[in-house]
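Remarks on the structure that follows.
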Amino acid sequence: MRKSFVILSLLFCLFQGFSSLAGGKPKVELQSVKLAGQTVEVTLKADKPFIFGNNRYILHVGEEKFYLNRQTIINGTGTMTFMVPVQDFDALPEGTAFYITYGELSASEISMNLMDKDEHMPLWSLGSFSKTLLTK
């Protein structure tokens, strides 16, 4: 009995994993960059929920990486907000690569454009970083 339960659980997990990949990776866009106290909240919106798995999402701005985020699912779409300390935001260089990854990935400007278009690559380009994105 226990063996059957384990096998059925594994099959369910496999089915769920494959079904989420079948639709391709979500389309992600920058929704807002807002000041919230001593933190800048960078909010992204996706056309479907972000994957919750054994990896984590990372916001890259040039060479800097930000890990702290919160995620929500509303009406079948995903929202993710990264929290960036104000002093770190102020130190970020203008015009550098601005993207998120699912797991540890780094990309040059050329490879990032290719990786962003690849349905199997866990990278989403947000364009070039600018402090003018911040709204108060």
- Task: Identify, by number, the condition in (1) assigned to a strand (DSSP E or B); (2) of a type in the set (Val, Ile, Thr); (3) closer than 16 Å to PRO122 by Cα that ILE51 doesn't meet.
- Result: (1)
- Item | SER111 being closer than 26 Å to GLY24 by Cα, small (Gly, Ala, Ser) and modelled with pLDDT under 85 | yes
- Note on the structure: Within the range 87-106, residues being at pLDDT below 85, surrounded by 13 or more Cβ atoms within 10 Å (Cβ to Cβ) and out of contact with any His (no Cβ under 8 Å at 6 or more places or on another chain) number 1
- What number of residues within the range 67-108 are hydrophobic (A, V, I, L, M, F, W, C) and farther than 21 Å from PRO49 by Cβ? 8
- If only one of ASN55, ASN69 is surrounded by fewer than 14 Cβ atoms within 10 Å (Cβ to Cβ) and not β-branched (Val, Ile, Thr), which one is it? ASN55
- Query: Give me the pairs: first residue in the range 32-58 and closer than 13 Å to THR72 by Cα, second residue among the small types (Gly, Ala, Ser) and not in a loop (DSSP other than H, G, I, E, B), beta-carbon distance under 7 Å, and six or more apart or on different chains, which are they?
  - Reply: THR43/SER32; ALA46/GLY78; LYS48/GLY78; PRO49/GLY78; PHE50/GLY78; ILE51/SER20
- Task: Determine if the range 49-70 includes at least one residue that is small (Gly, Ala, Ser) and modelled with pLDDT under 85.
- Result: yes
- Message: Would you confirm, using the coordinates I've provided, whether THR81 is outside any loop (DSSP other than H, G, I, E, B), under 10 Å from the mean Cα position of the chain (by Cα) and either of a type in the set (D, E, K, R) or at pLDDT 90 or above (or both)?
- Response: yes
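The values are calculated or read from the model by the stated rules, or taken from the named source; none is laboratory data. This one's a predicted model, so the numbers in the text were calculated from it and none came from an experiment. Cβ: placed from backbone, ideal geometry, glycine included. Neighbour counts: every protein chain shown.
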